[in-house]
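Everything below concerns the one structure shown next.
The values are calculated or read from the model by the stated rules, or taken from the named source; none is laboratory data. Only a predicted model underlies this, so the values are computations on that prediction, with no experimental measurement involved. With ideal geometry, Cβ positions are generated from the backbone for all residues, glycine too; neighbour counts draw on all protein chains shown. Areas reflect the complete protein model, heavy atoms only, side chains present, ligands, DNA and RNA absent. Shrake-Rupley method; radii C 1.70, N 1.55, O 1.52, S 1.80 Å.
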Amino acid sequence: MSAKANARLIAMAAAARRHRRLQAWLPWIVIFGTFGLWELVVRAFGIVPFILPAPSDIFEAAVKWWKPLLDDSLQTLFTTLVGFGLAVVAGLLLGVAIGSSTLVYKGLYPLLIAFNSIPKVAVVPVLIVWFGIGVWPAIITAFLISFFPILVNVATGIATVEPELRDVLRALGARPVDIIRKVGLPRAMPYFFASLKIAITVAFVGSIIAESVAPNAGIGRLMMVASSRFDVPLVFAGLITTGLMGIMLYWIAEWIERRTTGWATRSTEGSNFTPGG
Amino acid sequence: MSRAFVEIDNVAMRYGGVEGTLALEGCSMNVAEGEFVAVVGPSGCGKSTLMRLVSGLWPATDGNVVVAGREVDEPLSLVGMAFQNPTLLPWRRILDNVMLPLEVVPAHRARLRRERPAYEQKALDLLKLVGLEGFGAKYPYQLSGGMQQRTSLCRALIHEPPLLMLDEPFSALDVFTREDLWDVLQQVWMARKPTVILVTHDLREAAYLADRVLVMSSRPGRIIAERKVPFPRPRTMETTFLPEFTALVADLRAYIAAARRGEEVV
Ligand SMILES: Nc1ncnc2c1ncn2[C@@H]1O[C@H](COP(=O)(O)OP(=O)(O)O)[C@@H](O)[C@H]1O
Ligand SMILES: [Mg+2]
C-alpha cells in the first residue's frame, strides 16, 4: 500500500477514536454542565431555595437526610422490583397466549386496552380499600403500569412470525406449540427485552405514584412529607435519587438485553466478517 | 415407468369463502417418483397455492390431491420446502438452522438427542455438498444472500424428504449466484433423486433443471401445456447454448405469452 493510503487510514482511525471518546464523555459533560448552569442561574438571580434550590442546597439536604433517603429508596426499589417481576411473568404468559391465538387476541385485546387507558393514580385509592395501606398498593400499581408494554411486545414478536417460515415448519408436521417454542418465543425475545427497559422505568413511576397517594413508606412518601414541610431541597434530593435509580434499572435491563439478544442488533454491524477465501 | 408420486386431479382452490379469489380451477398434473418437474406460469396464477395444496398446508376446495398413495388432508411431514426468502432463524448458527427440521419431524425428534453426532455429521455433509463447508458455526447475517439460500436448501433436505417443494427459490439472487445454485440443485438431485416440484418464472432455469416443464394458465390456474426436457445430465452452461435449448425456452415463452393474452381477453 502506498504511504499516502497508509497515512489516510491512520488519520481515519484516529478520527474514529476521537469520535467514540466524545460519545462516551458527552452524557457526563451534559449532566455536569446542566448542574453547573443551574447553580449559576440560582446564584446569579438570587432565587430562594423554597422556589428552586441550587444543586449545592440539594446536595446538602441529601447528606443531612441520607438515612431516610436510603431507606425509602430501598423500599421503593423493593416494591418496584416485585411489581415488575410479577409483570414480567404475567406479560410473558398473556403475551404468548395473545400472540399465538387470534381468538384470544380478539377476545382480550379491547379489554386490555381499555384497562391500560385508565390512569393508575385513580386505581390506588381502590387498592388501598382492598389491601389497606402497606406495600401492596405500591407493588400492584407498579405491576399494573408495567405489565402492558411487556404483553404488547411479546405478543407482537410472536404474531409476526413470517408466514413462509410457518409453512416450512407446518409442512414438517410441526404442531402450533412447536412453532411457538422454536420460532415464536426466540423471535419475541428482542421485543421482550426492549419492553423491559420501558417497563422497569414505568414500574418505578407506578410505585412512587402509589406511595404519594397512600403515604406509607418509600421515596414517594418522603417527597410528600418533605413538601408538606416546605423542605424543597429535600424534595429535589428525592427527585434526583429517583432519577438515578431509574437510570440504574434501565442500564441493568439494557445490559441483559445486550447479553441475551445480540443477534438482533449484530446483523447491522457485520464489520467483523471477511467473506471466505 | 415408476408410479405417480404426486397426483393432482381436477383441483380447485378458492380463497376466502364463496365470493373469494378463485386461484386454481380444473388443475390436474402427475409427478412420478424421483422426477424433477418445473411449473412455470404468469405471476399470480396460483403456483404458490398449488404448492400449499400439495404439502397439505391448505385443504383444496375441490378435487383430489394424493401424495405417496395417500389423500392429502393435513400437512405431510415428508415434504421439504424452500422459498424465495431464505427465512433462516437469525439467532441460530448455520448448522443449527439446517438441523431445525430434525427437532420438529416426529420420526427424527425422538432420535435426535441420542444420535446427535450422526445427525450433525449429516448436516455437515449437506453443507459441504452445497459448497458451505466450514460455515456451520457462522450466523446467517455473516453469509451472503446466495449462501443463505444454500443453507435454506440444506434445511429443506436434512430430513431426507421424498418430496422437495421449491417456490421460486432463486429469484431473489443475482444471475451468477443463481446459475451456481442451479448446479448445486442439480447435484443434490442427482445424488439423492428426490421428487422435486420447482416453481419458477425463469424459463431457462426450468429448462436447465427439470425433466418436464408444466405451463400454467393465468388465474384461475390450470396446466395448459407440458414439455419434456430431453437433455442428458449433468447439464452445463454449454447446454443452455444448444439450439434445442434455446428453442425450448422460446416455446415456453410463447405458451406463457398466450396464457397472459388469455388473461387480457377474459
Ligand atoms: N392467503 C390468501 N388469501 C387470499 N387470497 C390469496 C391468498 N394467497 C394467494 N391468494 C390469491 O390467489 C392468487 C394466486 O396466488 P399465488 O398462488 O400466490 O400465485 P403465484 O404464486 O402463482 O404468483 C392470487 O390472486 C392471490 O392474490
Ligand atoms: Mg408465488
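Just name the residue that is farthest from residue B:164 (Cα to Cα) out of those in the stretch B:39-62 that are of a type in the set (A, V, I, L, M) and within 14 Å of ligand 2 (Cβ to nearest atom).
B:40
Does the stretch A:205-216 hold any residues that are crowded, with 21+ Cβ neighbours inside 10 Å and either outside any helix (DSSP H, G or I) or under 14 Å from the mean Cα position of the chain (by Cα) (or both), and which are they?
Those that are crowded, with 21+ Cβ neighbours inside 10 Å and either outside any helix (DSSP H, G or I) or under 14 Å from the mean Cα position of the chain (by Cα) (or both): A:206, A:207, A:214.
Can you go through B:66, B:105, B:6 and tell me which one is closer than 21 Å to residue A:170 by Cβ, in contact with a His (Cβ under 8 Å, 6 or more places away or on another chain) and away from ligand 1 (no atom under 16 Å from the Cβ)?
Details: B:66 fails: in contact with a His (Cβ under 8 Å, 6 or more places away or on another chain); B:6 fails: in contact with a His (Cβ under 8 Å, 6 or more places away or on another chain).
That would be B:105, the only listed residue that is closer than 21 Å to residue A:170 by Cβ, in contact with a His (Cβ under 8 Å, 6 or more places away or on another chain) and away from ligand 1 (no atom under 16 Å from the Cβ).
Consider residue B:24 carefully, then state whether it is within 14 Å of chain A (Cβ to nearest Cβ), over 12 Å from the mean Cα position of the chain (by Cα) and within 14 Å of ligand 2 (Cβ to nearest atom). Give the steps one after another, and end with the answer.
Values: within 14 Å of chain A (Cβ to nearest Cβ): no; over 12 Å from the mean Cα position of the chain (by Cα): yes; within 14 Å of ligand 2 (Cβ to nearest atom): yes.
No; evaluated as a whole, the condition is false for this residue.
Considering only the stretch B:164-175, I want to know if a residue exists there that is over 18 Å from residue B:227 (Cβ atoms), in a strand (DSSP E or B) and away from ligand 1 (no atom under 16 Å from the Cβ).
Yes - at least one qualifying residue is present in the stretch B:164-175.
Since residue B:126 meets every condition but one in (1) open to solvent by less than 10 Å² (accessible area, probe 1.4 Å); (2) in a helix (DSSP H, G or I); (3) free of Cβ contacts under 8 Å to residues at least 60 places away in the same chain; (4) within 12 Å of chain A (Cβ to nearest Cβ), which condition does it not meet?
(4)
Quick check on my filter: what residues within the stretch B:21-60 are more than 12 Å from ligand 1 (Cβ to nearest atom), open to solvent by 10 Å² or more (accessible area, probe 1.4 Å) and not small (Gly, Ala, Ser)?
Once the filter is applied, which keeps residues that are more than 12 Å from ligand 1 (Cβ to nearest atom), open to solvent by 10 Å² or more (accessible area, probe 1.4 Å) and not small (Gly, Ala, Ser), the stretch B:21-60 yields B:29, B:30, B:33, B:35, B:59.
Determine, yes or no, whether residue B:16 is away from ligand 1 (no atom under 15 Å from the Cβ), at positive phi and modelled with pLDDT under 90.
It is false that residue B:16 is away from ligand 1 (no atom under 15 Å from the Cβ), at positive phi and modelled with pLDDT under 90.
Which one is most open to solvent (accessible area, probe 1.4 Å) among residues in the stretch A:80-95 that are more than 20 Å from residue A:187 (Cβ to Cβ) and in contact with a Phe, Trp or Tyr (Cβ under 9 Å, 6 or more places away or on another chain)?
Ranking the qualifying residues of the stretch A:80-95, first place goes to A:86.
Here is a check on your reading of the model: is residue B:165 under 30 Å from residue B:26 (Cα atoms), within 16 Å of ligand 2 (Cβ to nearest atom), open to solvent by less than 40 Å² (accessible area, probe 1.4 Å) and within 14 Å of another protein chain (Cβ to nearest Cβ)?
yes
Within the stretch A:63-72, can one find any residue that is under 20 Å from residue A:242 (Cα atoms), in contact with a Phe, Trp or Tyr (Cβ under 9 Å, 6 or more places away or on another chain) and not in a helix (DSSP H, G or I)? Let's see the steps before the verdict.
Going through the stretch A:63-72, the residues under 20 Å from residue A:242 (Cα atoms) turn out to be A:63-72.
Retained after the next criterion (residues that are in contact with a Phe, Trp or Tyr (Cβ under 9 Å, 6 or more places away or on another chain)): none.
Within the stretch A:63-72, none of the residues are under 20 Å from residue A:242 (Cα atoms), in contact with a Phe, Trp or Tyr (Cβ under 9 Å, 6 or more places away or on another chain) and not in a helix (DSSP H, G or I).
As an exercise: evaluate residue B:31 against (1) away from ligand 2 (no atom under 14 Å from the Cβ); (2) β-branched (Val, Ile, Thr); (3) within 14 Å of chain A (Cβ to nearest Cβ); (4) under 22 Å from residue B:192 (Cα atoms) and give the number of the one condition it does not meet.
(3)
What are the residues in the stretch B:74-122 that are open to solvent by 60 Å² or more (accessible area, probe 1.4 Å) and either part of a loop (DSSP other than H, G, I, E, B) or within 8 Å of chain A (Cβ to nearest Cβ) (or both), if any?
B:74, B:84, B:85, B:93, B:106, B:113, B:114, B:115
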